[in-house]
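The values are calculated or read from the model by the stated rules, or taken from the named source; none is laboratory data. The model shown is predicted, which means the values in this text are computed figures rather than measured ones. Note: ideal-geometry Cβ built from the backbone for every residue, glycine included; neighbour counts use all protein chains shown. In case anyone asks, the SASA skips ligands and DNA or RNA and just uses the protein heavy atoms, side chains included. Shrake-Rupley method; radii C 1.70, N 1.55, O 1.52, S 1.80 Å.
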Amino acid sequence: MPDVMKTLLLNPPSFENFDGGASSRWPATREIESYWYPVWLTYPAGMIPGSRLLDASPHKVNWQQTVQICKEYEFLILFTSTVGFESDVKLIRKIKETNPSLKIAFVGPHGHIKPDETLNASEDIDFVTRGEFDHSVVEYAHGKPLDGIAGVSYRKDGKIVHNAETPAVTHGRIGRPAVCHGYLQGAIWKSSATTCHSCCTPTCRSIRRADARRFVLSACGRRPFRGTPGGRRSTENVAREVKQALGYFPQMKEIFFDDDTFNIRKDRVLDLSAKFKPLKFQWSSTARVHSDYETVKAMADGGARLFIVGFESGEPQILKNIKKGATVEMGARS
């Protein structure tokens, strides 16, 4: 095996009373404590041998402890957010004081949108990724120089260099995500309330409850950084992963498909539901408002228990304004 940098993938400590949000670090709490699995970091973690993924907030790891943990590593991949960016810059200053040789990459939408501003905010940042960062950080961890890695921005001779864009991550190039434990996602079991996503593109998160009552995964691809859908997973691929999950976690009570457009294609849903039926498991999903009786019945026959439907609004003009492609009549039929 070639030499690989000792790598830490970090979702940093956040605000007091932070409750997780949906892969963001919001200074807000809800009636139910709910932590979302850091799916964007799990994909490269699964491709970097010996790496560690630290999701600080849900595991109650504070900034002082994070600094100490970082002393053991050569490469830090930090998922930053706009709301937490200033805090992250202060954190890496403390980290660099204790581990000056550590290489630091900032990943996530903030750096993708503002690579120059991100790099200029701190000399402690060695490079910023643009677009999907799965392969760029993996290549760096395996020793590839920055000038040969697509989709990264970095300093060279006092100037900021932007390498060519990375190709869109398709299903064939998506790695197998690392699996972590100890996550709580209680929205379905303790409350029927949920927040609908603002973009009708596939999303993918893999979450396992601490008591393994519920396992959450995606039936499609992932919400991409650049606004074009990632590769849609085949029904065979999804059914195979479900079968594996049922074997890994026999104590699990339900699988939830956190996919905003789970039912966007009738033919695909019918095929997927037919493949689920012999597996004899209970599942739920998010859904669009347009499914007909045949589709809903097929899903129920395949083990579906609950659909969280994105009705969005009961006002026709609002539905037009947000361009969801849904109408009040579609919602009423649902």
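Do we have any residue at all in region 60-77 that's closer than 15 Å to Ile92 by Cα, at pLDDT 95 or above and under 17 Å from the mean Cα position of the chain (by Cα)?
Scanning region 60-77 turns up at least one residue that is closer than 15 Å to Ile92 by Cα, at pLDDT 95 or above and under 17 Å from the mean Cα position of the chain (by Cα).
Would a scan of region 109-124 turn up a residue that is in contact (Cβ under 8 Å) with a residue 40 or more places away in the chain, part of a strand (DSSP E or B) and open to solvent by 20 Å² or more (accessible area, probe 1.4 Å)?
No: region 109-124 contains no residue that is in contact (Cβ under 8 Å) with a residue 40 or more places away in the chain, part of a strand (DSSP E or B) and open to solvent by 20 Å² or more (accessible area, probe 1.4 Å).
So which pairs qualify, if the first residue must be in region 280-303 and touching a residue at least 60 places away in the same chain (Cβ under 8 Å), the second must be in a helix (DSSP H, G or I) and open to solvent by 20 Å² or more (accessible area, probe 1.4 Å), the Cβ gap must be under 9 Å, and the two must be at least 6 apart or on different chains?
Ser284/Ile188; Arg288/Met330
When only residues in region 288-334 that are farther than 16 Å from Thr261 by Cβ, among the hydrophobic types (A, V, I, L, M, F, W, C) and open to solvent by 60 Å² or more (accessible area, probe 1.4 Å) count, which is modelled with the lowest pLDDT?
Across region 288-334, the extreme among qualifying residues is Ala332.
Give the residues of region 260-286 that are of a type in the set (S, T, N, Q) and at pLDDT below 95, sorted by residue number.
Residues satisfying the conditions are Thr261, Asn263, Gln282, Ser284, Ser285, Thr286.
Just a yes or no: is a residue in region 76-83 surrounded by fewer than 18 Cβ atoms within 10 Å (Cβ to Cβ) and of a type in the set (Phe, Trp, Tyr)? Before you say what the answer is, go through the steps one by one.
Here is the first cut: in region 76-83, the residues surrounded by fewer than 18 Cβ atoms within 10 Å (Cβ to Cβ) are 82-83.
Those still in the list that are of a type in the set (Phe, Trp, Tyr) too: none.
Checked against the condition, which is being surrounded by fewer than 18 Cβ atoms within 10 Å (Cβ to Cβ) and of a type in the set (Phe, Trp, Tyr), region 76-83 yields no hits at all.
Within region 97-108, count every residue that is open to solvent by less than 30 Å² (accessible area, probe 1.4 Å), part of a loop (DSSP other than H, G, I, E, B) and free of Cβ contacts under 8 Å to residues at least 40 places away in the same chain.
Within region 97-108, residues that are open to solvent by less than 30 Å² (accessible area, probe 1.4 Å), part of a loop (DSSP other than H, G, I, E, B) and free of Cβ contacts under 8 Å to residues at least 40 places away in the same chain number 2.
Please specify each residue of region 316-334 satisfying the condition of being part of a loop (DSSP other than H, G, I, E, B) and within 28 Å of the chain's Cα centre (by Cα). Lay out the reasoning, then the answer.
Within region 316-334, the first condition is being part of a loop (DSSP other than H, G, I, E, B), and the residues that meet it are 323-327, 334.
Lys323, Lys324, Gly325, Ala326 - these are the residues of region 316-334 that are part of a loop (DSSP other than H, G, I, E, B) and within 28 Å of the chain's Cα centre (by Cα).
Scan Ser273, Ser313, Ser284 and give me the residue that is part of a helix (DSSP H, G or I) and under 28 Å from the mean Cα position of the chain (by Cα).
When all the criteria are applied, what remains is Ser273.
Take region 131-161 and flag every residue that is of a type outside the set (Ser, Thr, Tyr), within 15 Å of Ile104 (Cβ to Cβ) and in a helix (DSSP H, G or I).
Listed by number, the residues that qualify are Val137, Ala141, Leu146.
Does at least one position in region 251-264 carry a residue that is more than 25 Å from Tyr37 (Cα to Cα) and either in a loop (DSSP other than H, G, I, E, B) or open to solvent by 10 Å² or more (accessible area, probe 1.4 Å) (or both)?
So far as region 251-264 goes, no, none of its residues is more than 25 Å from Tyr37 (Cα to Cα) and either in a loop (DSSP other than H, G, I, E, B) or open to solvent by 10 Å² or more (accessible area, probe 1.4 Å) (or both).
Scan Asp88, Asp55 and give me the residue that is closer than 25 Å to Leu146 by Cβ, at pLDDT below 95 and buried (at least 20 other Cβ atoms within 10 Å of the Cβ). Before the answer, list the steps.
Details: Asp55 fails: closer than 25 Å to Leu146 by Cβ.
On inspection, the qualifying residue turns out to be Asp88.
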